[in-house]
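Colleague: Can you read through this structure? Questions will come right after.
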There are 2 protein chains.
Amino acid sequence: MKGKKDDRRVIYTKMVLRESLIKLLEKKNISQIYVKEICEIADINRGTFYAHYNDQFDLLNKIQDDLFENIKMHLSAYTNDDIHTPPVDMVEKIFEYIKENSKLCKLLLSDGGDLKFQKRVLTLVYEKSINEITKNSSISKEDAEYIHAFQLTGCLGIIQKWLDDDMKKSPYFIAETIIKLTTGLTELIRH
Amino acid sequence: MKGKKDDRRVIYTKMVLRESLIKLLEKKNISQIYVKEICEIADINRGTFYAHYNDQFDLLNKIQDDLFENIKMHLSAYTNDDIHTPPVDMVEKIFEYIKENSKLCKLLLSDGGDLKFQKRVLTLVYEKSINEITKNSSISKEDAEYIHAFQLTGCLGIIQKWLDDDMKKSPYFIAETIIKLTTGLTELIRH
DNA sequence: ATATGATTGTTGATTATTAAACACAATGTC
DNA sequence: GACATTGTGTTTAATAATCAACAATCATAT
């Protein structure tokens with residue numbers, strides 16, 4: 001799948017460059033950020049930056065790809081895990097992950113965030129859960145699609161509010177709430 | 001005075017190795033700490049450690065030397081600065097420095113700390129202030145020595161208490177207190 | 001328009017760090 | 001005491017990051 005693993009130097013370089021860009025993104029737009037700035041804050045030679053990334057946008061994309069992949073991993077763990085693990089615990093893990101990366105998530109998922117990225121994440125969740133619900137129920141695919149349009153934007157709303165509130169509520173509470181609301185919805189349609 | 005300046009890599013390596021050792025020193029004695037541990041926490045190749053230091057003790061010595069040099073710098077700034085700067089502000093700077101390096105200072109200056117190092121610092125302060133006081137007063141050198149024996153251990157006591165209290169009082173407050181107590185002392189002898 | 005200054009993207013030579021391996025010493029376990 | 005395990009100190013070739021320089025591009029103000 002990939003070449004050799006990065007050694008410590010590469011891992012460190014990428015990490016500080018990412019942190020540096022995230023820090024800058026809290027203050028200004030990506031197109032107002034210079035490569036030079038990123039390197040100064042990261043304390044990394046500019047030449048080294050270009051050895052890994054083409055420009056600011058490339059770096060941001062890589063960061064987004066990573067976040068996306070991680071969310072994907074958490075989601076697949078949720079749907080594929082054995083039946084004996086309560087669903088709440090699995091969803092909780094996703095929110096713990098979001099909390100750990102709150103700075104970045106706030107930037108990308110908030111109102112002023114990256115719309116393309118949000119759509120990308122939502123589509124991922126969408127495909128996962130459409131299958132889940134239509135699989136073992138009498139609900140038509142058409143109905144399910146509307147339910148999920150509602151569910152997805154609803155979840156995003158909850159996440160945004162949670163981040164805005166500086167994650168005062170525990171990840172478990174949010175997970176529980178979301179599980180209740182989403183499972184409740186399908187119950188409503190069934191009857 | 002010295003050769004070429006270290007580049008970014010060297011600076012980073014030394015920094016993380018120092019932080020790593022300090023972290024370990026909070027849990028155990030220097031002679032119970034392995035070089036291997038230090039490198040693992042710092043995420044630095046063991047070979048790189050040996051490129052800069054001989055062993056744990058050498059690293060600790062270098063850390064102490066640095067702290068010593070910095071305290072020295074702050075002290076000399078205090079005694080050599082122009083007369084218009086209030087002494088309290090100068091002493092405050094020293095305590096701000098201690099606060100910034102509280103972890104390390106706590107380790108080295110506390111009751112269980114390194115006695116040799118404490119003595120070294122005290123001697124430094126001693127020489128500075130003996131001159132200061134005998135210079136423009138009628139106090140004999142013999143008297144001054146006793147006053148300072150008192151002053152120095154007294155100051156160390158205050159610093160230790162301050163560190164034990166997790167530096168709740170501001171650096172300025174401590175500076176003010178120490179100035180009051182030490183200048184007060186010489187007044188007492190004069191009369 | 002033109003001049004001034006700052007950022008860019010790339011380069012070449014140099015240096016620091018890396019992973020991996022090694023024989024050896026220290027440590028703990030049965 | 002013999003045993004396996006773990007840390008030590010050093011070496012190797014490979015590679016990543018460094019600094020410094022460069023012409024080219026962009027920004028801003030005059």
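Colleague: Output the number of the condition that A:LYS169 fails; it satisfies all remaining conditions of (1) in contact with a helix residue (DSSP H, G or I) (Cβ under 8 Å, 6 or more places away or on another chain); (2) open to solvent by 90 Å² or more (accessible area, probe 1.4 Å); (3) at pLDDT below 65.
Modeller: (3)
Colleague: Moving to a separate point now. I need a count of the residues in region A:6-24 that are loosely packed, with under 10 Cβ neighbours inside 10 Å and more than 8 Å from DNA strand C (Cβ to nearest atom).
Modeller: So the answer is 0.
Colleague: Hey, B:ILE133 hits all of (1) open to solvent by less than 40 Å² (accessible area, probe 1.4 Å); (2) at pLDDT 65 or above; (3) of a type in the set (A, V, I, L, M, F, W, C) but one; which does it fall short on?
Modeller: Every listed condition holds for B:ILE133 apart from (2).
Colleague: If A:TYR50 satisfies every condition in (1) surrounded by 12 or more Cβ atoms within 10 Å (Cβ to Cβ); (2) more than 27 Å from B:THR48 (Cβ to Cβ) but one, which is the exception?
Modeller: Against the list (1) surrounded by 12 or more Cβ atoms within 10 Å (Cβ to Cβ); (2) more than 27 Å from B:THR48 (Cβ to Cβ), A:TYR50 comes up short only on (2).
Colleague: Can you find a residue in region A:32-45 that is at pLDDT below 70 and of a type in the set (S, T, N, Q)?
Modeller: no
Colleague: While we're on this one: If I ask for residues that are of a type in the set (Ser, Thr, Tyr) and over 15 Å from A:LEU24 (Cβ atoms), which ones from region A:42-67 would you list?
Modeller: A:THR48, A:TYR50, listed by residue number.
Colleague: Just one of the numbered conditions (1) loosely packed, with under 15 Cβ neighbours inside 10 Å; (2) more than 14 Å from chain A (Cβ to nearest Cβ); (3) under 25 Å from A:ASP43 (Cα atoms) is not true of B:LYS27; which one?
Modeller: It is condition (3) that B:LYS27 fails.
Each row is one residue, and each column tells you yes or no for (1) more than 14 Å from chain B (Cβ to nearest Cβ); (2) within 12 Å of DNA strand D (Cβ to nearest atom).
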| site | (1), (2) |
| --- | --- |
| A:ASP6 | no, yes |
| A:THR13 | no, yes |
| A:ILE33 | yes, no |
| A:LYS36 | yes, yes |
| A:ILE41 | no, no |
| A:ARG46 | no, yes |
| A:GLN56 | yes, no |
| A:GLN64 | yes, no |
| A:LEU67 | yes, no |
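Colleague: Please go through (1) assigned to a helix (DSSP H, G or I); (2) under 10 Å from B:LEU17 (Cβ atoms) for B:ALA51 and return the number of the only condition it doesn't satisfy.
Modeller: (2)
Colleague: Any idea which of (1) in contact (Cβ under 8 Å) with a residue 24 or more places away in the chain; (2) open to solvent by 90 Å² or more (accessible area, probe 1.4 Å) is the one A:GLN32 doesn't satisfy?
Modeller: Failed condition: (1).
Colleague: Taking B:PHE57 as the residue in question, decide whether it is closer than 19 Å to B:LYS116 by Cα, open to solvent by 80 Å² or more (accessible area, probe 1.4 Å), modelled with pLDDT under 95 and away from DNA strand C (no atom under 12 Å from the Cβ).
Modeller: yes
The values are calculated or read from the model by the stated rules, or taken from the named source; none is laboratory data. Worth saying up front: this structure is predicted, and the values here are computed from it rather than measured. In this analysis, Cβ positions are derived from the backbone assuming ideal geometry, glycine residues included, and neighbour counts consider all displayed protein chains. SASA here: full protein model, heavy atoms, side chains in, ligands and nucleic acids out. Shrake-Rupley method; radii C 1.70, N 1.55, O 1.52, S 1.80 Å.
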